[in-house]
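Here the structure is laid out as structure tokens; the discussion comes afterwards.
The values are calculated or read from the model by the stated rules, or taken from the named source; none is laboratory data. The model shown is predicted, which means the values in this text are computed figures rather than measured ones. Cβ atoms come from the backbone with ideal geometry, glycine included; neighbour counts cover every protein chain shown.
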Amino acid sequence: MAVTLETIVQDAQTCGPLKAWSVIVTVLGDLLPNAQARISGGALGQILEPLGISNQTLRVALHRLKRDGWVTSFKDGRQSFYGLTSRGWDMSQAVVPLVYGPHTQAQVWLAIAPPTLQAAEVQDIAPDDALQISPRCMVIGEAPGAALADWLTSPLQPGQTPGWVRDAVANTDHRAAYRALAQLATQAKGIAVQPLFLRTTLRILAFHHWRRMRLRDGYLADALMPERWEGAQARDAVMALLADYPRPDLAELESARS
């Protein structure tokens, strides 16, 4: 069976659901070149419609993002244009190294809380990116500071952790989703797509799934998993797709609207 945009969108369901508001954040963070840039609602709709996101769903999601302080808009005649607020832009830029960057092998530590702490206290003290292994045991991605002075901490060697720890980072289903994403990105490269909007849709589809999973895993996955684990293979495939389908110029995108 020939690989088409429709079959890729269908197969992408294996990677996880598409939530309209989340995909919009991906689009704005990926396509807008600076904090002042804006994209028309019409262009947004044309990018997202092939992914099953209707105009009505798009409007509801944009309203939610505006209410939550992520998105700002203005009208030019009958056309609305959308961009990220200062807060939204700063938060998107903060994760650029994580979602676009190469494989990293940062030092991580095993941290065990003292038995005198209640579960709620453990959660309050633990770093935000800590990976919970058990109620009192976690992996942290930063050197233990004064807050963990009474904890038992020990550095972990990258890629040499026990299998049960790796399963806590990425279980069988999660690794399968990464494999599906790598296949999706590889297949997308093989489509002879000429229209700019279809190239952009494929770029956003693959990158959104990568961004979503990468934000879930953080840097800890690279440090705890083998170098060529499924997430690393998905990264290579998605970054190769982004290179083949580069970020479009917004003016060119607007002029190509149908």
Matching residues, the range 10-46, being in contact with a helix residue (DSSP H, G or I) (Cβ under 6 Å, 6 or more places away or on another chain), part of a helix (DSSP H, G or I) and among the hydrophobic types (A, V, I, L, M, F, W, C): Ala12, Cys15, Ala20, Trp21, Val23, Ile24, Val27, Ala43
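Here's the yes/no breakdown for (1) on the phi > 0 side of the Ramachandran plot; (2) of a type in the set (D, E, K, R); (3) at pLDDT below 90:
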| position | (1), (2), (3) |
| --- | --- |
| Asp173 | no, yes, no |
| Leu181 | no, no, no |
| Val193 | no, no, yes |
| Ala206 | no, no, no |
| Met213 | no, no, no |
| Ala221 | no, no, yes |
| Arg235 | no, yes, no |
Exactly one of (1) surrounded by fewer than 22 Cβ atoms within 10 Å (Cβ to Cβ); (2) in contact (Cβ under 8 Å) with a residue 24 or more places away in the chain; (3) assigned to a helix (DSSP H, G or I) is unmet by Ala251. Its number? (2)
So, Phe74, is that one within 28 Å of Arg203 (Cβ to Cβ), in the same structural domain as Arg211 (by TED's automatic domain parsing), loosely packed, with under 11 Cβ neighbours inside 10 Å and out of contact with any Pro (no Cβ under 9 Å at 6 or more places or on another chain) or not? yes
May I ask you to list the residues in the range 214-229 that are touching a residue at least 60 places away in the same chain (Cβ under 8 Å), more than 16 Å from Val139 (Cβ to Cβ) and surrounded by fewer than 21 Cβ atoms within 10 Å (Cβ to Cβ)? Leu215, Glu227
Single residue of the range 1-45 satisfying the filter (of a type in the set (A, V, I, L, M) and free of Cβ contacts under 8 Å to residues at least 60 places away in the same chain) that is surrounded by the most Cβ atoms within 10 Å (Cβ to Cβ): Ile24
Test Gly52 against the criterion of being at positive phi, modelled with pLDDT of 95 or more, surrounded by fewer than 17 Cβ atoms within 10 Å (Cβ to Cβ) and in the same structural domain as Thr200 (by TED's automatic domain parsing), and give yes or no. no
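From Arg64, Arg59, which residue is farther than 28 Å from Met239 by Cα and touching a helix residue (DSSP H, G or I) at 6+ places or on another chain (Cβ under 6 Å)?
Working: Arg59 fails: touching a helix residue (DSSP H, G or I) at 6+ places or on another chain (Cβ under 6 Å).
Just one listed residue meets the conditions, Arg64.
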Taking the range 55-71 as the search range and keeping residues that are assigned to a helix (DSSP H, G or I) and in contact with a Gly (Cβ under 7 Å, 6 or more places away or on another chain), which one is surrounded by the most Cβ atoms within 10 Å (Cβ to Cβ)? Leu58
Sole exception among (1) more than 30 Å from Ile39 (Cβ to Cβ); (2) crowded, with 16+ Cβ neighbours inside 10 Å for Tyr100, by number: (1)
